[in-house]
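Structure, as structure tokens:
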Amino acid sequence: MTRVIDFHTHPYRPADLTPAMWQFVRETSPTVREHGDRLVDPHYFADLLRAQGVEHAVVLPEHCPQTSGTVRTETVIEWCAAEPDFLIPFASVDINSDPDAAALLEGYLDTAPIRGLKLYPSYQFYYPNDPRLYPIYDICQTARIPVLLHIGSSVIPGTRIKYCDPVCLDDVAVDFPDLTVVMAHGGRGFWYDVCAFLALHKPNFYIDVSGLVPASLRAHYPDLDRLAHKMVFGSDWPAMPKSVAANIAAIGALQLPQHPLEDLLFGNAARMLGL
Ligand SMILES: [Zn+2]
């Protein structure tokens, strides 16, 4: 039985989401329809993930007031503190609505066990190589924490997908050679080839497979056997159409070589998170 870290989950916070985002989550997620408000309890949330074979789960805030909602970092810190050995908090800041996003991030890192930063270019409206992000990348590089960016399509109204263009991340690779960058959704819809190129050729670049149908990974990435060791497993749970366990099983069925498979499901994430 392979060990699994889920690098991409969201807390259940209906009141913090925009109506469109909450509708999307409800329609997408059998877990939300089945368990409903019991998911508010972090212990309940963690137990459901443990039962599906997950050993640790990254929990992502989502401060995107113009599109999807305002699940703030403070909320996620408090929530993860209830299950400190299992739930791993990331931070979320927004250079367009936080007056000093870099200072805010530093404050989070100084006061809480934050293990990474999530950025949402298409929900927050900036390109990944926006100069205003550079102080933030600098903080993350110095603190040795990964930056996870939403890179791919989205159906939430108001989203501006152009901002996710992964070619912009090439600048980040050049200017922050020691920064770990994880491309969530791997360029879903338009940019699989660019994301695969970056992951294969930039030592600190990875693809998080959340939001992709596992059985389609070979179609999206023809070089999957070589690429898998630069991937991390994420589910986007609970906003996903199947269970986490089903996605883990589907990845197991891809018949990847054993070492890349272990890197994808556990090893890469464990190294990035310092576990
Ligand atoms: Zn997500």
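Nothing in this text is a laboratory measurement; each read-out follows from the coordinates by a stated rule. Predicted, not measured: the structure shown is a model, and the values here were computed from it. Positions of Cβ are backbone-derived with ideal geometry, glycine not excepted, and every protein chain shown enters the neighbour counts.
Residues in segment 130-167 that are assigned to a loop (DSSP other than H, G, I, E, B) and farther than 16 Å from N204 by Cβ: D130, S153, S154, V155, I156, P157, G158, T159, R160, D165. Of all residues in segment 1-30, those being within 19 Å of the chain's Cα centre (by Cα) and either surrounded by 18 or more Cβ atoms within 10 Å (Cβ to Cβ) or hydrophobic (A, V, I, L, M, F, W, C) (or both) number 17. Within segment 58-79, restricting attention to residues that are buried (at least 24 other Cβ atoms within 10 Å of the Cβ) and assigned to a loop (DSSP other than H, G, I, E, B), the residue that is nearest to the ligand (Cβ to nearest atom) is L60. Among residues of segment 205-219 being more than 20 Å from T28 (Cα to Cα) and crowded, with 20+ Cβ neighbours inside 10 Å, the one that is farthest from the chain's Cα centre (by Cα) is L217. Quick one: in segment 1-29, which of the residues that are in contact (Cβ under 8 Å) with a residue 60 or more places away in the chain and of a type in the set (A, V, I, L, M) is farthest from the ligand (Cβ to nearest atom)? Out of the qualifying residues, it is V4.
Of everything listed in (1) away from the ligand (no atom under 15 Å from the Cβ); (2) in contact (Cβ under 8 Å) with a residue 40 or more places away in the chain; (3) closer than 30 Å to L17 by Cβ, the single unmet condition for G252 is (3).
The residues of segment 229-275 that are surrounded by fewer than 19 Cβ atoms within 10 Å (Cβ to Cβ) and of a type in the set (K, R), listed by number, are K242, R271.
Selection of segment 187-213 for residues being in contact with a Leu (Cβ under 7 Å, 6 or more places away or on another chain), within 16 Å of the ligand (Cβ to nearest atom) and more than 17 Å from S122 (Cβ to Cβ) yields only V209. Residues in segment 235-243: is at least one in contact (Cβ under 8 Å) with a residue 40 or more places away in the chain, under 15 Å from the mean Cα position of the chain (by Cα), more than 17 Å from V54 (Cβ to Cβ) and within 16 Å of the ligand (Cβ to nearest atom)? For segment 235-243, residues in contact (Cβ under 8 Å) with a residue 40 or more places away in the chain, under 15 Å from the mean Cα position of the chain (by Cα), more than 17 Å from V54 (Cβ to Cβ) and within 16 Å of the ligand (Cβ to nearest atom): absent. Taken as a whole, the condition of being among the aliphatic types (A, V, I, L, M) and farther than 25 Å from Y12 by Cα does not apply to L265. The residue that is farthest from P214 (Cα to Cα), counting only those in segment 144-186 that are within 12 Å of the ligand (Cβ to nearest atom) and in contact with a helix residue (DSSP H, G or I) (Cβ under 7 Å, 6 or more places away or on another chain), is I156. In this entry, L48 is excluded by the filter for residues that are buried (at least 17 other Cβ atoms within 10 Å of the Cβ) and touching a Phe, Trp or Tyr at 6+ places or on another chain (Cβ under 7 Å). Taking the listed residues A102, A82, A112, the one that is buried (at least 18 other Cβ atoms within 10 Å of the Cβ) and away from the ligand (no atom under 16 Å from the Cβ) is A102, with no other qualifying.
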